[in-house]
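K.L.:
Here's a structure for you.
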Amino acid sequence: MRLLPVTLATPLLLLASSAFAQQAAAPAVQKTLNIPAIVMFLTFVAVTLGITYWAAQRTKTAKDFYAAGGSLTGLQNGFAIAGDYMSAASFLGIAGLVYTAGFDGLIYSVGWLVGWPLIMFMIAEQLKNLGKFTFADVVTYRLQRVPMRTLAATGTMVVVILYLIGQMVGAGKLIQTLFGLDYTYAVVIIGALMITYVMFGGMIATSWVQIIKAGLLLGGATLIAILCLWHFGFSPEEMFKQATIVRGSAEAPNLKIMGPGTLVTSPIDAISLGMALMFGTAGLPHILMRFFTVPDAKQARRSVFYATGFIGYFYILTFIIGFSAIVFITKNPDYLDAAGKILNGSNMAAIHTSAFVGGPYMLGFISAVAFATILAVVSGLTLAGASAISHDLYANVFAHGRANEQQEVFVSKMSTIGLGIIAVLLGIAFENQNIAFLVGLTFAVAASTNFPILFMSIFWSKLTTRGAVIGGAIGLITAVVLVVIGPTVWEEILGYPKGSALYPSKYPAIISVTAAFLGIWIFSLLDSSEQAKREHAAYEAQDVRCQTGIGAEGATSH
Amino acid sequence: MVKATRILCACVFFARLTDHKRTCRELAILEQGARTVRFAHGSRQAPANSRYPHSSTTHGKLTMQQDLVHAIKSNPKYHELVSKRSSFGWFMAILMLVIYYGFILIIAYAPSFLAQPVAAGWTMTIGIPIGVGVILAAFALTGIFIHRANTVFDELSNQIKEEVL
C-alpha cells in the first residue's frame, strides 16, 4: 500500500525535495499506516481523476476553463462554494476550539458565516452582471486596465499564496498523522493532484471536486453528529450536562465552557476580527471567481443562498461534534498522550470523536474526507491564482489584450504547474514554522485590498483609477505591516519580548480596511484629471448593466 | 407606431451594444468573420488596444450605447427597481451587521448575560440558542432576500427589458 502514493509522487518529489531533505527527515508524530483511510482516499482520487478526464473533454474555450462554461446551476455552485470555503482548518479547527474552550468556538464560527449574507446583498449579482472570469474584470470595467489589473492580480496572488502555504502545511501535518505518510510525500501528493485537476480539468473539474467534497464533508459530519447525539439520547442538554461534569465533577460541574470565555476580551479586537472575516470573505479571489460559473444573476444569488445554508449547517454540526468530544475524549486514555493531553493536539478532536463513535472505518472515512477537503480548497486557490496570472497579467497587462484564447489558456495551465510547485516548496519550507498568523493575514489582505476596490467600483460613481490604486495599495501595505508589528509575528516569531509589539492587536482589519476606504475616497476626490472625468461619465452605463444585467456575460448567448 | 419604432431602434442599439461589448471584451473569442463585420462598422483601431475600451471606441458606438443607457434610465420602472433593490439590500446588510455586532458586543460587555441557564436547573445557557440563532438568522436573511429578488426585482427587471429592448 505504501508504494502506491510514493510512485505517484516520485517525479515531483525529485524536483521538490533535495533542498529541504533534512527538514523532512524527522517525522515526529508518524503512526502506522491507516489502511481503511488510504483505500477510501484512493477511491476518491480515482473518482476525481475520472471526472477530470471527463471535464478535460469538455474544456474547449477559455470560458470553459475559467468559468465551467457558465453552466452550473445555483445548487451546484452553492455546493461548490461551500466546498471551497469549508476548509479542513474550519472543520478540525473549530471542532478543536469547541473542545478546548466550549462556547467560544460558536462565537468564532458565527464570524465565519456572517460575511455570506453581505456577499448576497452587495456583491454576488453585481459581480455576475459586470464581470467575466475574475473580479478584476469588474474593477477594470471603467477604470484603467493596466494599473487596475496589476493591483487586482497582486491582491489575488498575495491571498492565494498565503492561503496555499497555510493549507499545505496544515495538510502535510494532518496527513502525516492520519495516514502515517511522510510529511513531504503528503505535500507532494497534494501538489501533484491539484495540478492535475486544475490543469486538465479547469473550472469544470475543480467545481466537481468541490461539489463531491462538500457532499462528503456534510454527509460525514452529519453522520458523526447523529452518532454523537445518539449517545446522549438526542438531547443536547444531556450533552452539555455531561461535558460540564467531565470538565469539572458531578458535584461541581465546570460551567465556564457554557459561556463566553477568553476569545473575545477587547471589543475593538472583536470588531476588527469580525471585519476581517466578513469583508475578507467577500474579497477572496477563489470565492469571487465562483460567481462566474453560473449563467445569470438569478443563479448567482441562488448559489449564495444554498452556500450560506450548507456552511451554517456545517458549523452547527462542528459545534455538536466539538462538545461531544469534550465528553468522549477529555478523560479517555485511548486518545490522550503520556502527559494527559489530547493526542496530536486539539485539532484532532473531531477525528478522535469519529473513531470513538464509529470505529476504524469511520476514522478512515473522515480522514479521507479531510484529505479530499484540502485538495478541493487548494485546487480552487490554484485556479484563482492561475487565472490572475493568465487573464489579468498576461492577457490584459503584458499582451494588452492581443493574446488569443489558446495562448491565454496555455499560460493559465503553465501558471498552474508553477503555482503548484511553489506551493509544494513553500509547504515543505514552512513545515516547522509557526503559521498561525497566516489565516489572519490572508483575510486582512483580502478585506483591505480586494474588497474595497471591488465594492467602491460597483457602488461609487466618483471612484477613479488613481484613488483605487493608491487606496488599494495603502490597504495592502497597512495590513501586512500591522500583522508584522503585531503580537503574533513580532513577539512569537521574531522573538521580541512580550508586550513589545508596536501594534497591540492581532487583528489589523479595523485600521487597514478603514485606511483603504479613506485612501480610495480621498485620492479619488483629489483626482481632477481628464481620465477621472471619463471614468465618472462611464459609471452611468456600468450601473445600468449592473442593475439590469443587460449586456452581461452569458446574457447574450440565449 | 412610435413604440414599434422605439423597440426597433432599441433592438438595433442593443445588438450594437452587445456587439460592441463583445469586440471589446471577447476579442479572443470572436471568429474571423465577426471581426470583419466589426471593422466594417468603421472602427479605426482594434478596440482591445484602446485604453478605454468601454467608453470611447468610436463616436458612433459611444452615442448608441449612451442612447440605450438613457432609454433605460428614463424608464420610471428602472428607478423603481434601483431604489427598491438598493434600499432593501442596504437594509438587509445593516440588519445583518446589527445582529452580528449586537452578539459580539454582548459577549464583550455582558458575557454573564449569555452565560445564564435557559431555565432553572438547566446546563444549557441562553448563549447557545442565541449563537445558533445568529447562524439561522444569516440563512433566513438570504432566504428573504432571494424571495423578494425572485418576485419583485426580477419582475421589474423583465418589464424594463421588454419595454426598452
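K.L.:
Answer with yes or no whether residue A:455 is among the aromatic types (Phe, Trp, Tyr), more than 17 Å from the chain's Cα centre (by Cα) and either within 30 Å of residue A:502 (Cα to Cα) or part of a helix (DSSP H, G or I) (or both).
P.N.:
It is true that residue A:455 is among the aromatic types (Phe, Trp, Tyr), more than 17 Å from the chain's Cα centre (by Cα) and either within 30 Å of residue A:502 (Cα to Cα) or part of a helix (DSSP H, G or I) (or both).
K.L.:
Let me ask another. Taking the criterion of being among the hydroxyl-bearing types (Ser, Thr, Tyr) and open to solvent by 20 Å² or more (accessible area, probe 1.4 Å), would at least one residue in region A:297-320 satisfy it?
P.N.:
yes
K.L.:
Something else now. Taking the conditions exactly as written (more than 25 Å from residue B:98 (Cβ to Cβ), buried (at least 19 other Cβ atoms within 10 Å of the Cβ) and touching a helix residue (DSSP H, G or I) at 6+ places or on another chain (Cβ under 6 Å)), does residue A:279 satisfy them or not?
P.N.:
no
K.L.:
Here is a further query. If you scan region B:89-110, which residues turn out to be at the interface with chain A (Cβ under 8 Å from one of its Cβ atoms) and more than 28 Å from residue A:266 (Cβ to Cβ)?
P.N.:
B:89, B:90, B:92
K.L.:
Let me ask something else about it. So which residues in region B:136-147 are farther than 16 Å from residue A:106 by Cβ and open to solvent by 60 Å² or more (accessible area, probe 1.4 Å)?
P.N.:
Those that are farther than 16 Å from residue A:106 by Cβ and open to solvent by 60 Å² or more (accessible area, probe 1.4 Å): B:144, B:147.
K.L.:
Only residues that are facing another protein chain (nearest Cβ under 10 Å) and part of a helix (DSSP H, G or I): list them for region A:233-256, please.
P.N.:
A:236, A:237, A:238, A:239, A:240, A:241, A:242, A:243, A:244, A:245, A:256
K.L.:
Specify the residue that is least open to solvent (accessible area, probe 1.4 Å); the eligible residues are those in region A:190-207 that are among the β-branched types (Val, Ile, Thr) and farther than 14 Å from residue A:373 by Cα.
P.N.:
Within region A:190-207, the match that is least open to solvent (accessible area, probe 1.4 Å) is A:198.
K.L.:
Output the residue which, of all residues in region A:305-334 that are of a type outside the set (A, V, I, L, M, F, W, C) and over 18 Å from residue A:242 (Cα atoms), is modelled with the lowest pLDDT.
P.N.:
So, considering only residues that are of a type outside the set (A, V, I, L, M, F, W, C) and over 18 Å from residue A:242 (Cα atoms), the one modelled with the lowest pLDDT is A:334.
K.L.:
Let me ask you something else. I'd like the full set of residues that are touching a Phe, Trp or Tyr at 6+ places or on another chain (Cβ under 9 Å) and not in a helix (DSSP H, G or I), limited to region A:318-335.
P.N.:
A:330, A:332, listed by residue number.
K.L.:
Please count how many residues of region B:111-135 are open to solvent by 40 Å² or more (accessible area, probe 1.4 Å) and either at the interface with chain A (Cβ under 7 Å from one of its Cβ atoms) or over 22 Å from residue A:116 (Cβ atoms) (or both).
P.N.:
Residues flagged as open to solvent by 40 Å² or more (accessible area, probe 1.4 Å) and either at the interface with chain A (Cβ under 7 Å from one of its Cβ atoms) or over 22 Å from residue A:116 (Cβ atoms) (or both) within region B:111-135 amount to 11.
K.L.:
Still on this structure, I have one more. Just to verify a result, which residue in region A:511-540, among those that are in contact (Cβ under 8 Å) with a residue 24 or more places away in the chain and polar (S, T, N, Q), is surrounded by the most Cβ atoms within 10 Å (Cβ to Cβ)?
P.N.:
If we take residues in region A:511-540 being in contact (Cβ under 8 Å) with a residue 24 or more places away in the chain and polar (S, T, N, Q), then A:512 is surrounded by the most Cβ atoms within 10 Å (Cβ to Cβ).
K.L.:
Do any residues in region A:253-268 that are closer than 9 Å to residue B:108 by Cα have Cβ atoms under 6 Å from those of residues that are surrounded by fewer than 19 Cβ atoms within 10 Å (Cβ to Cβ), where the two are at least six apart or on different chains, and which pairs are they?
P.N.:
Partner pairs satisfying both residue conditions: A:260/B:111; A:264/B:108; A:267/B:108.
K.L.:
Go through region A:63-157 and tell me which helices (runs of 4 or more DSSP H), entirely inside it, have 2 or more residues that are within 18 Å of the chain's Cα centre (by Cα) and away from chain B (no Cβ under 14 Å).
P.N.:
Because the criterion is at least 2 residues that are within 18 Å of the chain's Cα centre (by Cα) and away from chain B (no Cβ under 14 Å), the helices (runs of 4 or more DSSP H) in region A:63-157 that meet it are A:74-85, A:88-101.
K.L.:
For region A:360-400, how many residues meet the condition of being farther than 23 Å from residue A:186 by Cα, open to solvent by 20 Å² or more (accessible area, probe 1.4 Å) and of a type outside the set (A, V, I, L, M)?
P.N.:
So the answer is 4.
Residues are listed down the side, and each one gets a yes or a no for (1) assigned to a helix (DSSP H, G or I); (2) modelled with pLDDT under 95; (3) under 22 Å from residue A:204 (Cα atoms); (4) within 16 Å of the chain's Cα centre (by Cα):
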{"residue": "A:361", "(1), (2), (3), (4)": "yes, yes, no, no"}
{"residue": "A:364", "(1), (2), (3), (4)": "yes, yes, no, no"}
{"residue": "A:390", "(1), (2), (3), (4)": "yes, yes, yes, no"}
{"residue": "A:395", "(1), (2), (3), (4)": "yes, yes, yes, no"}
{"residue": "A:403", "(1), (2), (3), (4)": "no, yes, no, no"}
{"residue": "A:416", "(1), (2), (3), (4)": "yes, no, yes, no"}
{"residue": "A:433", "(1), (2), (3), (4)": "no, yes, no, no"}
{"residue": "A:439", "(1), (2), (3), (4)": "yes, yes, no, yes"}
{"residue": "A:448", "(1), (2), (3), (4)": "yes, no, no, no"}
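For every residue, the table says whether it meets (1) more than 24 Å from the chain's Cα centre (by Cα); (2) open to solvent by 70 Å² or more (accessible area, probe 1.4 Å); (3) more than 14 Å from chain B (Cβ to nearest Cβ).
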{"residue": "A:470", "(1), (2), (3)": "yes, no, yes"}
{"residue": "A:476", "(1), (2), (3)": "no, no, yes"}
{"residue": "A:480", "(1), (2), (3)": "no, no, yes"}
{"residue": "A:488", "(1), (2), (3)": "no, no, yes"}
{"residue": "A:498", "(1), (2), (3)": "yes, yes, yes"}
{"residue": "A:506", "(1), (2), (3)": "no, yes, yes"}
{"residue": "A:509", "(1), (2), (3)": "no, no, no"}
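K.L.:
Can you tell me which residues in region A:203-240 are closer than 30 Å to residue A:62 by Cα and in contact with a Leu (Cβ under 8 Å, 6 or more places away or on another chain)?
P.N.:
Correct list: A:203, A:206, A:207, A:209, A:213.
K.L.:
Within region B:136-165, restricting attention to residues that are of a type in the set (Val, Ile, Thr) and more than 7 Å from chain A (Cβ to nearest Cβ), which residue is nearest to residue A:240 (Cα to Cα)?
P.N.:
Looking at residues that are of a type in the set (Val, Ile, Thr) and more than 7 Å from chain A (Cβ to nearest Cβ), I get B:144.
The values are calculated or read from the model by the stated rules, or taken from the named source; none is laboratory data. Values in this document were obtained by computation on a predicted structure and should not be read as measured data. Note that we place each Cβ from the backbone using ideal geometry, even for glycine, and neighbour counts take in every protein chain shown. The protein model used for the area step is the full one, side chains on, heavy atoms only, and it has no ligands, DNA or RNA in it. Shrake-Rupley method; radii C 1.70, N 1.55, O 1.52, S 1.80 Å.
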